[in-house]
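The values are calculated or read from the model by the stated rules, or taken from the named source; none is laboratory data. Note that this is a predicted model, so its numbers are computed, not measured. Neighbour counts run over all protein chains shown; Cβ positions are idealised from the backbone, glycine included.
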Amino acid sequence: MFGYYFDLAWRSLKRTPILTGLMVLAIGLGIGASMTMLTVLHVMDADPLPGRSAHLFRPYLDPVPLRGNWGLGPDPSINLTWPDAMALLHARKGRYQAAMAGTSLVVTPAQDGVRPFTADGRTTTRDFFAMFGLQFIEGAAWSAAQDDDAAAVVVVARSFAQRLFGTAQVVGQVVSMGGHEFRVIGVVEDWAPRPMFYVDASAKRYAGADAFFMPLSTGVSLNLGTNGNQSGWADYNNLRSPTVTWLQFWVELDTPAAVADYRRFLHDYAASQKAAGRFQRPASTARLYGLMGWLGVQHIVPGDVSMQAGLALVFFGVCLLNVVALLLAKYLRRSGEVSVRRALGARRRNIFVQFSIESALIGLLGGAVGLAVAELGLWSVRQRPDDYAHLARMDLPMLATALVASVIASVVAGVLPAWRAASMTPAMQLKSQ
Amino acid sequence: MRIHLQVRPILAALRSHRTAVALLVLEIALTMAVLGNLVFIVYGTIQRSHVPTGVVESDIGLIQSIGVIGESNPGTVAGNLATLRSAPGVADSAYGGLPLWWSNRKSLFLDPSLQHPAAQAYEFQGSQHLSTTLGMHVVRGRNFSDGDLPDVMDVFMKKTTAPLPALLTQALAQRLYPGGGALGRILYDGRYAFRVIGIVDHLRGEITGRADDDEALLVEYRVGAQDMGGGYLVRSRPGQLPQALKAAAAALQKANPGHVENKVLTMAELRENYFRSDLAAGRMLVAIMLILLVVTALGVSGLASFWVQQRRRQIGMRRALGATRRDILLYFQAENFLIVSGGVLLGVAFAYGLNLFLMHRFELAHLPVHYLVAGAIALWLLGQLAVLGPALRAAAVPPVVATRSV
């Protein structure tokens, strides 16, 4: 039965190549434009650490006084102060936990002929590597003692080692950064999750990568500063001040019980700070965000991208309306054929199924055109200067989505025309012939 | 036969195609809603990319230079500025902030208790000569003189308590002191106090399209023997910027081999970078818009073809009864005009609805009515063009068709 309907549909489409072409083109353009923008949204919303992200959490505390002057800058409470980050770190309530901040340093290569350049890296604490799953090629992370002693050590990424020394075997070498000398104790594979979920809001989440990692205490005692937001309401330039926020903090919690425990701990900590007079806001402002939840509240998808995605969907809607109108014209025109089939014993349901299969076939063809259009659209997105642009590529799930969406959309578009065709009264049509 | 006589038979005929007509009207309405808002957004972006910042953009270049601590750096800021100024083609130079590149946005207060912010303004800070390098145009009061500049270290370390002399833009002065008399007044940003010594015409920190882009404040301090990295600004003699900037960057690198010159950009390049993303998005929107128009035209044309084919016998009959080819052509054109008009009427409502949503979500401005008028005219023309082919085919139907069966 299906094969027969499919054959009928194919013959019918071949009979009206122009009308069929118009419908396939309309579906194709609509699917293509929508899939282009949905793919962009898909890569921006992607899970940066599949398999790991469900266990990573971002504590949020609000030490900001009730009255203050923040201008239009970011909310200072999105980062943590040094005392709060250290309290969470030393409580060791999670399996792993790390405080961190981005930093930009001028690197002076020892080799002649290589000019000084600036590199972005991270000052953090030792659990960073184990928690986020960075792979060491050589050496290891610094020790807890080195964390405490502000040791002048550095872990570098493979490409950074290559750039500086021409080889990745650099453990034991000395690098001059920001006017200080650091001993290389480890080399990790290049690592840049997309989006970079753990960075400050000012960083390029889709283009940046960390070239080096060094102990947070080292960064603070050498006053290397941060390249992210540093907001304060008193004692602005002191990184250890309880009134300056600049640190990010992540914790790994492996069981629901551990998550519940941590929530309670965080609440109690905020309550104790409020009781001590340091926090002015209630302890209920303290929160624990999951990784994807944190990216959600950070609004990392820019407004113009979501606007374009919305417009593309409206555009798809217009294309579908178009297809409904054209299908209506096409199916109602075949009143003679329908009447003969009905008179020979076909039921309404059979007619409806036959036409729906024809709609689905149009959808399949439209989906193929749509994929070509989407590839073209994504190519044009990749030409944009935005940091996410280079990621705009179609993956297999999106490809399958495009085809399935196209078929479903055209079957839905065909419901009304097919129903109208199926409910024609055969006698009237046959008589008029 | 005149068109208005045809309207009633057309409406009667359309009534028997209610579903198809409704679909077409809906499609045209949605097209109109998207079209009006997209043109508005894209045109706004293009307009915005031409708003001047208030500095002499054609003659200003930026050298972003970062000092390497510990390197043998003979350079000082004052020395660097002198080096830049002696490069061929350079008229002036300064260290500091530049529109579209770097300025702080701060709340400003009229009284030191810092209770109620009076404005949000872009704060430009820099060395002596910043205002002349930028080419500020003082309209009231006076520009900085060497005598009143505080020392940079006193400013950074907050050793000085005297208000820093500052220039305001007219827009900011108007916002802070609507009654006038800004000169000589003291204001605060929570960290420093400022004394207004002059008013400049324009200085925009960013070009976002908001009215307060032009609310800015400019402060100079005196630099000397410090070694500071950051933005070195160069103003060339008129029309000599490319050569002058290149010469200045080379001179600075020679005097300061330990500095890393991350960026050497003209103001024109800075502006291009600033708007590149918006303009790329604009091109994408234009593409979506054009495809949308094509799809709508194809839909109109496809349905009209179907109707013409369906009514071949009626057309033949009308022709046999004395209607001219022109009458048949006009009939289909009038029919199309009626359908598009229905779509346009509904489209006005849709366009305003979409506009309200965009205003709410993306801070878009209110859609001016002439965009809708232009959209309506565009759709009427598009409809007439789309129907022309099928209508001509209809007009070519010979009267003899009426006498044939099927």
Restricting attention to segment A:140-151, which residues are in contact (Cβ under 8 Å) with a residue 12 or more places away in the chain, surrounded by fewer than 18 Cβ atoms within 10 Å (Cβ to Cβ) and either in contact with a Lys or Arg (Cβ under 9 Å, 6 or more places away or on another chain) or over 23 Å from A:L56 (Cα atoms) (or both)?
-> A:S143, A:A144, A:D148, A:D149, A:A150
Right, B:L252: within 14 Å of another protein chain (Cβ to nearest Cβ), surrounded by 21 or more Cβ atoms within 10 Å (Cβ to Cβ), assigned to a helix (DSSP H, G or I) and not acidic (D, E) or not?
-> no
Which ones in segment A:172-192 are more than 14 Å from chain B (Cβ to nearest Cβ), under 34 Å from the mean Cα position of the chain (by Cα) and not charged (D, E, K, R)?
-> A:V184, A:I185, A:G186, A:V187, A:V188, A:W191, A:A192
Residue among A:L8, A:L22 that is among the hydrophobic types (A, V, I, L, M, F, W, C), within 12 Å of chain B (Cβ to nearest Cβ), surrounded by fewer than 23 Cβ atoms within 10 Å (Cβ to Cβ) and part of a helix (DSSP H, G or I) | A:L22
Whichever residue in segment B:375-402 is in contact with a Gly (Cβ under 6 Å, 6 or more places away or on another chain) and of a type in the set (V, I, T) and, among such residues, is surrounded by the most Cβ atoms within 10 Å (Cβ to Cβ) | B:V397
Report those helices (runs of 4 or more DSSP H) wholly inside segment A:313-428 carrying at least 2 residues which are farther than 21 Å from B:T19 by Cα, aliphatic (A, V, I, L, M) and at pLDDT 90 or above.
-> A:348-382, A:396-422
With respect to B:L358, is the statement that it is outside any helix (DSSP H, G or I) and within 14 Å of chain A (Cβ to nearest Cβ) true?
-> no
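Let's see how each residue does on (1) within 31 Å of the chain's Cα centre (by Cα); (2) within 28 Å of A:I300 (Cβ to Cβ); (3) buried (at least 17 other Cβ atoms within 10 Å of the Cβ):
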position: A:F197; (1), (2), (3): yes, yes, yes
position: A:A207; (1), (2), (3): yes, yes, no
position: A:N223; (1), (2), (3): no, no, no
position: A:N229; (1), (2), (3): yes, yes, yes
position: A:W233; (1), (2), (3): no, yes, yes
position: A:F249; (1), (2), (3): yes, yes, yes
position: A:R263; (1), (2), (3): yes, yes, no
position: A:A270; (1), (2), (3): yes, yes, yes
Give B:G184, B:G198, B:G224, B:G180 a once-over and let me know the one that is surrounded by fewer than 16 Cβ atoms within 10 Å (Cβ to Cβ), modelled with pLDDT of 90 or more and not in a helix (DSSP H, G or I).
-> B:G184
Mind telling me which of the residues B:L321, B:L338, B:L354, B:L345 ends up being closer than 10 Å to B:P399 by Cα and not β-branched (V, I, T)?
-> B:L321
Which residue pairs have Cβ atoms under 7 Å apart, sit 6 or more places apart or on different chains, and have a first residue in segment B:273-291 that is farther than 17 Å from A:M307 by Cα and a second that is at pLDDT below 85?
-> B:R276/A:P385
Regarding B:T132, is this residue assigned by TED's automatic domain parsing to the domain that holds B:V223, in contact with a helix residue (DSSP H, G or I) (Cβ under 8 Å, 6 or more places away or on another chain), surrounded by 15 or more Cβ atoms within 10 Å (Cβ to Cβ) and among the β-branched types (V, I, T)?
-> no
Per-region count, segment B:144-160, residues in contact with a strand residue (DSSP E or B) (Cβ under 6 Å, 6 or more places away or on another chain) and not β-branched (V, I, T) | 5
Of all residues in segment A:42-52, which are within 23 Å of A:I78 (Cβ to Cβ) and under 12 Å from the mean Cα position of the chain (by Cα)?
-> A:M44, A:D45, A:A46, A:D47, A:P48, A:L49
Please work out if B:T132 is among the hydroxyl-bearing types (S, T, Y), part of a helix (DSSP H, G or I) and farther than 30 Å from B:S277 by Cβ.
-> yes
Output yes when any residue across segment B:174-194 is touching a residue at least 40 places away in the same chain (Cβ under 8 Å), among the β-branched types (V, I, T) and touching a strand residue (DSSP E or B) at 6+ places or on another chain (Cβ under 9 Å), and no when none is.
-> no
Here the qualifying pairs (Cβ atoms under 6 Å; residues six or more apart or on different chains; first in segment B:27-39 and closer than 15 Å to B:L364 by Cα and more than 9 Å from every other protein chain (Cβ to nearest Cβ); second in a helix (DSSP H, G or I) and aliphatic (A, V, I, L, M)) come out as B:G36/B:A351; B:G36/B:L372
Restricting attention to segment B:280-322, report how many residues are surrounded by fewer than 18 Cβ atoms within 10 Å (Cβ to Cβ) and not in a helix (DSSP H, G or I).
-> 2
Would you be able to say whether some residue in segment B:91-100 is more than 26 Å from the chain's Cα centre (by Cα), within 14 Å of chain A (Cβ to nearest Cβ) and aromatic (F, W, Y)?
-> no
Spot the failing condition for A:A372; the list is (1) surrounded by 13 or more Cβ atoms within 10 Å (Cβ to Cβ); (2) more than 12 Å from chain B (Cβ to nearest Cβ); (3) farther than 30 Å from A:A343 by Cα, and only one is missed.
-> (1)
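What strands (runs of 3 or more DSSP E) lie completely within segment A:94-154 and have 1 or more residues being under 26 Å from the mean Cα position of the chain (by Cα) and under 21 Å from A:L222 (Cβ atoms)? Write out each step before concluding.
On the way: elements: A:96-108, A:117-124, A:136-139.
Correct list: A:96-108, A:117-124.
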Run A:I27 past the list (1) within 14 Å of chain B (Cβ to nearest Cβ); (2) assigned to a loop (DSSP other than H, G, I, E, B); (3) not charged (D, E, K, R) and report the number of the one that doesn't hold.
-> (2)
Out of the residues in segment A:69-87 that are part of a loop (DSSP other than H, G, I, E, B) and in contact with a Pro (Cβ under 9 Å, 6 or more places away or on another chain), state the one that is modelled with the lowest pLDDT.
-> A:G71
Only one of A:A91, A:A98 is within 17 Å of A:L253 (Cβ to Cβ), of a type in the set (A, V, I, L, M) and buried (at least 23 other Cβ atoms within 10 Å of the Cβ); which?
-> A:A98
Checking A:G293 against (1) on the phi > 0 side of the Ramachandran plot; (2) assigned by TED's automatic domain parsing to the domain that holds A:F197; (3) not polar (S, T, N, Q), which single condition isn't satisfied?
-> (1)
Go over the candidates B:P117, B:P112 one by one and state the one that is within 14 Å of chain A (Cβ to nearest Cβ) and over 19 Å from B:E215 (Cα atoms).
-> B:P112
